[in-house]
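S.K.: Input: one structure, supplied below.
Nothing in this text is a laboratory measurement; each read-out follows from the coordinates by a stated rule. Note that the structure is a prediction, hence the values are computed from the model and not measured. Cβ coordinates were reconstructed from backbone atoms using ideal geometry, including for glycine residues, and neighbour counts include every protein chain displayed.
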Amino acid sequence: MLLKRLSMLWSMVRGDARLLWRALRHPQAPAWLMPAALVVVVYVLSPLDIIPDFIPVLGVMDDIVLIPLAMRFLLDRLPPGLRADIAR
C-alpha cells in the first residue's frame, strides 16, 4: 500500500517536473518563472532545510512534501494559454 502511494507520488512529481521544464523552455514563459524554478532547485541542492535531515523521518518529509508543492504552485500560476500549450 505504501509502495503504491510512493509510486503514484513519484509519477506525479515526475510529470510536474516535465511540465515545468517545458514551461521554462516555452517562448511565452513569464519572466518570473526562471528565478522561481531556480529557488526550488537551490532548495533541493542546499544542505540547509526547514527541518534538518538528521531528525529521523521529519527531516526527509519536508523535502518530500515541499518540493512537489512548490512545483505545483509554480505550474498553477502559469497563464492559461501557456498551461494548455505545455500540457500537450
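S.K.: Between 0 and 90 degrees, rounded to the nearest ten: what's the tilt of helix 33-45 against the longest Cα principal axis of the chain?
M.R.: Compared with the principal axis, the helix lies near 20 degrees.
S.K.: What is the magnitude of the charge dipole of the chain about its Cα centre, with +1 placed on the Cβ of each Lys and Arg, -1 on the Cβ of each Asp and Glu, and no other charges, expressed in debye to the nearest 20?
M.R.: Working: 10 positive and 7 negative charges, 107 e Å.
Roughly 520 debye for the chain.
S.K.: Determine, from the Cβ-Cβ distance of Asp53 and Trp10 and an R0 of 22 Å, the FRET efficiency 1/(1 + (r/R0)^6), rounded to the nearest 0.05. Could you put the intermediate results ahead of the total?
M.R.: Working: r = 19 Å, r/R0 = 0.88.
My answer for the efficiency is 0.70.
S.K.: Another question about this same structure. Add -39500 (n - 2.57) for each DSSP H run of 4 or more in the chain, then divide by its residues: what number comes out at 222 nm, to the nearest 500 deg cm²/dmol?
M.R.: Numbers: 4 runs with 64 residues, N = 88.
Computed mean residue ellipticity for the chain: -24000 deg cm²/dmol.
S.K.: Relative to the first principal axis of the alpha-carbon coordinates of the chain, what is the inclination of helix 2-25, with its axis defined by its Cα atoms, in degrees from 0 to 90 and to the nearest 10?
M.R.: Tilt of helix 2-25: around 40 degrees.
S.K.: Here is a follow-up. For helix 58-76, report the angle its Cα long axis makes with the longest principal axis of the Cα atoms of the chain; keep it between 0 and 90° and round to the nearest 10°.
M.R.: 10 degrees
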